[in-house]
Structure formats: C-alpha cells, structure tokens
Amino acid sequence: MKEQRSLRGKVWQSDAFLDEPKAVQERFFLERLGEDEESVWRQPSWGDLSDPRLLKDMDKAVDRIQKAIAEEEKIMVYGDFDADGITSTAALVHALKSLGALVSYRIPDRVNDSHGLKIELIEEIATTGTTLLITVDCGVNDLPEVEFANSLGIETIITDHHKVDPDRWAQTALAVVNPMRPDCKFPHNNLAGVGVVFKLLQALKPDIDWLKPYSALVAIGSVADCVALTGESRRLVQLGLIELNKNHWPGVLALLESDELITAETIGFQLAPCLNAASRLGQVQHAVQLFLGSNSGMSDRVEYLKHLNLERRELSQTYAEQAKKMVQPDKAVQIIFLETCPVGVLGLVASRIVESLGQAVMVLTRHPHGALHGSARAPKNLNLAEALESVAPLLNAFGGHAGAAGFSLEETQLIEFMEAMQTWFASIETPPPELIIAAQTESQWLNLDWKAWEDTLEPFGIGNTKPVWQINQLPLTELKVMGKTKQHLRLTFDGTHEVVAFFADDLLPLLKTGASYDLAVRVSKNTWRGETKVQWQLVDIRS
C-alpha cells in the first residue's frame, strides 16, 4: 500500500488514535523524561551539574590559566562568529577579566577568514605579545595552526564541542577540553561551545553566585546552536534562562525591548538572529560588545544589530524569491547560483527552499575574492557531508554535517561539480521526508489549558522538540494571505479554529475552502488587545 503523503510530500509518523487527553500527556512526558529523575528534568538545582574536572585536560587548562593570571601574561581568546562563538567569547573574556587576567579576544571574519584558527591571524596575535591562546567553539581539528602557534612561543588551550577528526585533531595543544574526545569520561557530550566554556569557569572558580550570570550566556548559545537539550545541556539552559531574566546583561533586554519572560523560543526567534546578523552582514565585534561593552554605547550597538537583522530578513526574502524561480523540479538536487547574494545569507536562502521542496538545496554566490562559495541544506533523509566528501578534489574547502554544510570552489570547477552532485544524489535511494507526530488528538483538546501543560515541558529544542499534534479531517472555511510579502497564511477550520502558516505561500494553489484536511500543528497563543486566545501553527497539511 502506497504511503499517504502531505501536500508538501512528507509522510507522517504517528501513533494510533488516543481518546483520553491525560493519557496522551502522560505518555508524552515519560518519553521525554528519559533517564533523568522527574524533579531534575523539570527544575534542576546547581548541585545537579556534573563535575567539570571529568572533562579530559581540564586540570591542565585550569593550572595554565591560573599561572598566566598570576604572572600577568597576555591571554588571547579566539572565538567563532556565530551566536555560540559570540557568547563563548563574551563569557570567557568577561570572567577572566573579573579574575584579574590581561585578556583580549579575536574572532575571524565570516566572509574573509571562515571558521577556525588561521595562520595569518595567529601571526597577528603573536605581535601583541600573547603567550596563551584559548580557543572557544573552535580549534579541535586545527593541528597545523596549533603547531604554528607553538613555534611562535604561544601555548594553546582548545575548548570546543565539535567532532574530533583522528587525523587532524590538535593533539600538540597544551590542553584540549572537548566532551567529544573519545578518551573523555564526561557523561554528557552534547554541550555547546559556550557550555564547555562554562565548565571551564566552573573548574576555575566553583562559586555559584559568580557563575550564575554566565549560565545566561550558556542558554543563549546552546539554543542558538541547536544542541540537544538533554542531560547537562538541558540543565544549564534551564538554570540559564532563570538568570537571563534577572537583567545580568542589560544589552539583551535592550535588544528585546520587552518585559515578557525570556524563553528558549525568544532566543531562537529574536536574540540569536540578531547576534548572527552581525557576522552575516556586518562586524561580529558589535555582537560581542553587547555583553562586554560599556552602557554608554549600548543604544548604538543595539540599533546597529537591529538594523542588520532587518537587512538580513529583507535580503533573505529577496534572494529566496529569486531562488524559487530557478528551481528545476526534475533535478535530484537543486544547485542555484545567485550572483550578488551576500555569502552570509546563503544558508538562510537554502533553508527556505528546503522546507518547501523536501529536497537538498545548494546555493552559491561569488566571493569578493573571486572563488565561489556555497551553502547547502538538506532534509533529514540525506547526508550533505557524504555528498561533499565525494567531490572533495573539486573543492577548495568544505565542512559541515548531514543537514547543513558549506563549501568553496573555483568557477572553472562549477560545471563538473554540478554534474557530479546530480549523479550522486540521483544514485541515492531516499525515502520521503518524515514528520514525527506526537499523537493524534481531538481539536477541542488543543486549548489554552493544553498550552499551559506544554509550557511545563520547556525548554524546547533539539532532543526535546516542541510537539506536533495531528487533527483529522477538519473543513477549511476561510483562507487569507497576510504579511507585507504575502508569504504567510491565516486559515480557519470548522469555522472556529484559527491556524497561522508561516512561509506557506507554496500551499496557496493547493488549498480549497470547503475541502477537509488532516492538520499537523503546534499549539501557541496570541494576545491581541488584552485578550489571549489559543492559536495553532501549521507544520504540515494533507488531504
């Protein structure tokens, strides 16, 4: 029997219909609880955190940093340009300064330098008299760069959370603190880069009151980097969200301009995009200074980040519209060249196209220095890392993982690259993309009380995703297009149930009022003129 697909080509995976709401909620909670005790999972205490010295090389790192502080050596923190790297850098620099260290920071440029340690930047750092280099959210596989630093008399401590390459890992560094090390006995390997930094701070000074403000940065970086919110990572985010709402970091509240409770969703949809916009379209230092800068210049920094984020939205929209017009439905992978698209926006454009197609997408542009740069996104049933590995000889550089990757190549290699990618993806037998449904439900269940129950399961993220509920065969009674760009839909089912569908203009020609549909929705709420109502957000729909 052929599997039923949604209007976006997905197959829904859901359990049998359950007719008792409490049973649905209890089963869902037990699935998410895993091995944690319920009290720890719902609201951990600081005493529930793991011993930081279980991380391999932690003692070496702490001893060397304490020596550098005592002897007034110059320390350089070297970070990454995404939100995890920004918060990692800010946390470590701020903490080391509070301990009396002579510390500066350096973050590579997204467009001109790319990720990781760079020889030319290490040469610059050497001219400052730095004798201790500490990486955050990067560096674990930068062996040649670490050896170059060693040759200049700079000792290196690596703190990172990325997968360790056995052929390239920075084994000659003074210390490599990374829970992903195969020889590391730390019980949780899903920390963000800023989570690893927090464990370093915990080992340097195990004073809870001193540590609390930095846990707020862990919450921001962990949610932004989409690490699994389970185990230690979940505990740190839960504790960090409490501290984030205590105004330890005035720049955050200034950026949000709201007195509402800051949640993981606030981070994912409001804070993280603003921080990431700094490196996508401007200078990342402005985002770091949101945490490290003086209050006197805060309003200017906030306005700059808001401006960049608005520009990011507009550019993403413009180039996504261009990209959609270039889609070739008969191709195994969509490879789209956008001549003038900024490098920092490529991944955002690719993500927009993937959602509507359920197919791998690669978006390329011309780098200011001449080579072509690309960003790729793929649904869960495809592996971009393997795809790019198959054409490694054609590429200048590449990196990433199954669902997201980046690469660069010379224009002379473009045609061969495109042909090779079409061949590779065409040879892969891929099942249709799946949507995991928490349970099938009745429409009347998904009310404000249900939303209040869901709120007790926060924070949501990878490893604890916000549940998607299935409601069967509701008639579509009204359809409206909304938003300046006409990309969003407001749907009414059965005359009473309001559903919003973001970036769903692709569904417009497929929907007909009067027809009945199965809905896959998330539950949210909407407050307008003092009245709060339940609102469903459409995830998928099928006839």
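The values are calculated or read from the model by the stated rules, or taken from the named source; none is laboratory data. What you see is a predicted model; the values in this text were computed from it and never measured. Please note: Cβ atoms are built from the backbone with ideal geometry, for glycine as well, and neighbour counts cover all protein chains shown.
Pairs linking a residue in region 497-515 that is within 21 Å of residue 443 (Cβ to Cβ) and in the same structural domain as residue 472 (by TED's automatic domain parsing) to a residue that is β-branched (Val, Ile, Thr) and surrounded by fewer than 15 Cβ atoms within 10 Å (Cβ to Cβ), with Cβ atoms under 8 Å and 6 or more positions apart or on different chains, are 513/477; 514/477.
Screening the candidates 42, 110 for the property of being within 29 Å of residue 457 (Cβ to Cβ), out of contact with any Pro (no Cβ under 8 Å at 6 or more places or on another chain) and at pLDDT below 95 yields one hit, 42.
Just wondering, is there one or more residues in region 36-45 that are surrounded by fewer than 18 Cβ atoms within 10 Å (Cβ to Cβ), outside the structural domain of residue 379 (by TED's automatic domain parsing), of a type in the set (A, V, I, L, M) and under 25 Å from residue 267 (Cβ atoms)? Scanning region 36-45, I find at least one residue that is surrounded by fewer than 18 Cβ atoms within 10 Å (Cβ to Cβ), outside the structural domain of residue 379 (by TED's automatic domain parsing), of a type in the set (A, V, I, L, M) and under 25 Å from residue 267 (Cβ atoms), so the answer is yes.
Of the listed requirements (1) crowded, with 17+ Cβ neighbours inside 10 Å; (2) under 22 Å from residue 337 (Cβ atoms), residue 443 misses just one: (2). In this entry, residue 199 is excluded by the filter for residues that are out of contact with any Ser or Thr (no Cβ under 6 Å at 6 or more places or on another chain) and either more than 25 Å from residue 36 (Cβ to Cβ) or modelled with pLDDT under 95 (or both). Every listed requirement among (1) under 18 Å from residue 204 (Cβ atoms); (2) touching a Lys or Arg at 6+ places or on another chain (Cβ under 6 Å); (3) not basic (Lys, Arg) is met by residue 94 save one, (2). In region 396-440, which residues are exposed (fewer than 13 other Cβ atoms within 10 Å of the Cβ) and of a type in the set (A, V, I, L, M, F, W, C)? Those that are exposed (fewer than 13 other Cβ atoms within 10 Å of the Cβ) and of a type in the set (A, V, I, L, M, F, W, C): 415, 426, 436. Here is the figure for region 11-55: residues that are in contact with a strand residue (DSSP E or B) (Cβ under 7 Å, 6 or more places away or on another chain) and not aromatic (Phe, Trp, Tyr) total 8.
If the condition is being in contact with a strand residue (DSSP E or B) (Cβ under 9 Å, 6 or more places away or on another chain) and part of a helix (DSSP H, G or I), then region 108-121 contributes only 121. Selection of region 379-389 for residues being surrounded by 15 or more Cβ atoms within 10 Å (Cβ to Cβ) and under 20 Å from residue 414 (Cβ atoms) yields 384, 387, 388. Summed over region 150-179, the residues that are in contact with a Gly (Cβ under 7 Å, 6 or more places away or on another chain) and in a loop (DSSP other than H, G, I, E, B) give a count of 3. For region 19-60, the set of residues classified as more than 25 Å from residue 239 (Cα to Cα) and in contact with a Leu (Cβ under 6 Å, 6 or more places away or on another chain) consists of 24 only. Among the residues making up region 224-234, those that are under 12 Å from residue 190 (Cα atoms) and surrounded by 23 or more Cβ atoms within 10 Å (Cβ to Cβ) are 225, 227, 229, 233, 234.
Exactly one residue among 93, 62, 103 is outside any helix (DSSP H, G or I) and either closer than 22 Å to residue 252 by Cβ or in the same structural domain as residue 244 (by TED's automatic domain parsing) (or both), and that residue is 103.
Applying the criterion of being part of a helix (DSSP H, G or I) and hydroxyl-bearing (Ser, Thr, Tyr) to the residues of region 65-90, the residue that is surrounded by the fewest Cβ atoms within 10 Å (Cβ to Cβ) is 89. Restricting region 269-288 to residues that are surrounded by fewer than 21 Cβ atoms within 10 Å (Cβ to Cβ) and among the polar types (S, T, N, Q) leaves a set whose member that is nearest to residue 221 (Cα to Cα) is 270.
Looking only at region 126-133, decide whether some residue is farther than 30 Å from residue 36 by Cβ and free of Cβ contacts under 8 Å to residues at least 40 places away in the same chain. Yes, there is a match, as at least one residue in region 126-133 is farther than 30 Å from residue 36 by Cβ and free of Cβ contacts under 8 Å to residues at least 40 places away in the same chain.
Just a yes or no: is a residue in region 191-213 over 24 Å from residue 69 (Cβ atoms) and either outside the structural domain of residue 263 (by TED's automatic domain parsing) or of a type in the set (S, T, N, Q) (or both)? No.
The residues of region 193-238 that are touching a His at 6+ places or on another chain (Cβ under 6 Å) and farther than 20 Å from residue 100 by Cβ, listed by number, are 193, 196, 216, 231, 232. Look at region 232-257: where a residue is assigned by TED's automatic domain parsing to the domain that holds residue 190 and among the hydroxyl-bearing types (Ser, Thr, Tyr) and a partner is at pLDDT 90 or above and surrounded by 22 or more Cβ atoms within 10 Å (Cβ to Cβ), sitting 6+ places away or on another chain with Cβ atoms under 8 Å, you get 233/191; 233/192; 233/195; 233/222; 233/227. Number of residues in region 122-149 that are assigned to a loop (DSSP other than H, G, I, E, B) and of a type in the set (Asp, Glu) equals 2. Of the strands (runs of 3 or more DSSP E) contained entirely in region 367-478, those carrying at least 3 residues that are free of Cβ contacts under 8 Å to residues at least 40 places away in the same chain and within 30 Å of residue 7 (Cβ to Cβ) fall at 372-377. Across region 526-543, the qualifying residues are those that are free of Cβ contacts under 8 Å to residues at least 40 places away in the same chain and assigned to a strand (DSSP E or B), and the one among them that is surrounded by the most Cβ atoms within 10 Å (Cβ to Cβ) is 535.
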